[in-house]
Amino acid sequence: MQGEAPVAFGGFPRPGRALRVVLGVIAAVSVAGAIVFNWAPGGAAGAEIFEKLTFSPHEVLAGQVWRPFTAALLTSPRGIGHILFTLIGLYFLSTDLEKRWGPGRFLRFLGVSALLGWAVALAVDLLPLAYPIFHRDHLFGASAAITATAIAWSRENANMRVRLFFVLPVSGRYLLWVTIGFCVLNVVYFQEVSEGAIAPFGGVLAGLLLSGQPSLARRAWLTLKLALLRRQRSGLSAEEILRGGDDEGSGASSAARRRRPGAPPLRVVSGGLDDELKKRKVPKDKRYLN
């Protein structure tokens with residue numbers, strides 16, 4: 001059954017507390033970045049300060065590890081189009097994700113998505129590819145997080161519809177492929193965007209791995225954990241498992257099962273239904289058997 005995404009008063013979704021904080025921080029950093037770049041100190045000094053906060057693969061490898069974190073909060077200091085696109089892109093689809101996941105998981109999702117986008121851009125930059133689109137420097141923006149949000153919303157709402165570009169109704173199932181298609185077209189057309197053409201693919205990967213109930217990443221972790229537990233227990237007998245494992249591997253479980261000082265010794269108490277039936281005398285009147 002298909003339906004439109006839930007909306008609040010005025011036809012717009014109501015953002016949760018975590019999303020409001022994220023949008024407020026990005027807006028504040030954008031204004032501060034524009035002031036530094038254009039006014040105070042402005043000029044070459046302002047541009048130098050701004051560039052020290054962007055993502056640069058070579059500088060990150062040289063030890064400037066703060067750049068992936070600050071770059072995700074920056075927007076273009078020239079013109080308001082980039083900041084408007086960022087706020088709108090995060091706003092419309094993130095409201096549903098925060099409501100489904102809660103603020104904690106939602107904030108972790110955005111953070112991991114942004115960092116994974118820069119990680120993919122860094123990995124591609126290290127490849128011996130001759131095309132300059134794969135070796136961009138001074139990147140900034142939240143394109144990876146926005147892309148991850150679109151992918152995650154699509155997987156969580158496969159049968160829901162959203163209006164693409166505020167006009168075209170598209171179901172979540174098709175929005176996923178539309179989002180991936182735009183990422184590919186950015187590379188094909190050498191699209192010059194502040195985030196670069198490669199970082200959004202990290203957002204695609206994050207959206208696929210971290211969305212769902214449970215997510216693919218959590219499902220893989222639980223499968224690995226179960227395999228390790230089975231491997232750990234495979235060499236133990238039933239008696240050893242009940243006792244808590246061997247002396248070397250039981251560790252905390254043996255300590256947890258250790259009898260506290262002063263506790264009475266354990267003993268087996270005989271009894272039960274079978275013993276009671278054996279001791280029971282058969283009445284002369286068979287009517288009392290029932």
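The values are calculated or read from the model by the stated rules, or taken from the named source; none is laboratory data. The structure displayed is predicted, hence computed values, not measured ones. Note that we place each Cβ from the backbone using ideal geometry, even for glycine, and neighbour counts take in every protein chain shown.
Working only within the range 100-155, note down all residues that are of a type in the set (Phe, Trp, Tyr) and crowded, with 17+ Cβ neighbours inside 10 Å.
The answer is TRP101, PHE106, PHE109, TRP118, PHE134, PHE140, TRP153.
May I ask you to verify whether ALA150 is farther than 30 Å from ARG14 by Cβ and among the small types (Gly, Ala, Ser)?
no
Can you tell me which residue in the range 81-107 is farthest from the chain's Cα centre (by Cα), limited to those that are β-branched (Val, Ile, Thr) and at pLDDT 95 or above?
The selected residue is ILE83.
Inside the range 97-127, can you point out the residues that are farther than 10 Å from LEU210 by Cβ and charged (D, E, K, R)?
If the condition is that a residue be farther than 10 Å from LEU210 by Cβ and charged (D, E, K, R), then GLU98, LYS99, ARG100, ASP125 are the ones that fit.
Looking at the range 184-197, is at least one residue in contact (Cβ under 8 Å) with a residue 40 or more places away in the chain, surrounded by fewer than 11 Cβ atoms within 10 Å (Cβ to Cβ) and in contact with a helix residue (DSSP H, G or I) (Cβ under 9 Å, 6 or more places away or on another chain)?
Yes; the residues of the range 184-197 include at least one that is in contact (Cβ under 8 Å) with a residue 40 or more places away in the chain, surrounded by fewer than 11 Cβ atoms within 10 Å (Cβ to Cβ) and in contact with a helix residue (DSSP H, G or I) (Cβ under 9 Å, 6 or more places away or on another chain).
Say we look at the range 210-223 and pick out the residues that are of a type in the set (A, V, I, L, M, F, W, C) and over 15 Å from TRP153 (Cβ atoms); which of these is surrounded by the most Cβ atoms within 10 Å (Cβ to Cβ)?
Going through the qualifying residues, I end up with ALA217.
Could you please find all residues in the range 44-61 being out of contact with any Lys or Arg (no Cβ under 8 Å at 6 or more places or on another chain) and in contact (Cβ under 8 Å) with a residue 60 or more places away in the chain?
GLU51, PRO57, HIS58, LEU61
Quick one: count up the residues across the range 181-231 that are within 22 Å of THR149 (Cβ to Cβ) and within 18 Å of the chain's Cα centre (by Cα).
So the answer is 22.
Restricted to the range 71-96, and to residues that are free of Cβ contacts under 8 Å to residues at least 60 places away in the same chain and in a helix (DSSP H, G or I), which residue is surrounded by the fewest Cβ atoms within 10 Å (Cβ to Cβ)?
Checking each candidate, the answer is GLY81.
Return a yes/no flag: does the range 186-197 have any residue that is at pLDDT 90 or above, touching a Gly at 6+ places or on another chain (Cβ under 6 Å) and within 26 Å of ARG108 (Cα to Cα).
Checked the range 186-197: at least one residue is at pLDDT 90 or above, touching a Gly at 6+ places or on another chain (Cβ under 6 Å) and within 26 Å of ARG108 (Cα to Cα).
Let's see how each residue does on (1) small (Gly, Ala, Ser); (2) closer than 26 Å to ALA28 by Cα:
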| position | (1), (2) |
| --- | --- |
| SER143 | yes, yes |
| ALA150 | yes, yes |
| ASN157 | no, no |
| VAL162 | no, no |
| VAL167 | no, no |
| THR179 | no, no |
| VAL184 | no, no |
| GLN191 | no, no |
| PRO200 | no, yes |
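Which members of the range 187-215 meet the condition of being aliphatic (A, V, I, L, M), within 17 Å of VAL120 (Cβ to Cβ) and outside any loop (DSSP other than H, G, I, E, B)?
Matches in the range 187-215: VAL187, ALA199, VAL204, LEU205, ALA206, LEU208, LEU209, LEU210.
Search the range 156-183 for residues being charged (D, E, K, R) and not in a helix (DSSP H, G or I), and hand back the single one that is surrounded by the most Cβ atoms within 10 Å (Cβ to Cβ).
ARG161
Would you mind listing the helices (runs of 4 or more DSSP H) fully within the range 1-69 where at least 3 residues are touching a Ser or Thr at 6+ places or on another chain (Cβ under 7 Å) and at pLDDT 95 or above?
Those helices (runs of 4 or more DSSP H) span 17-38.
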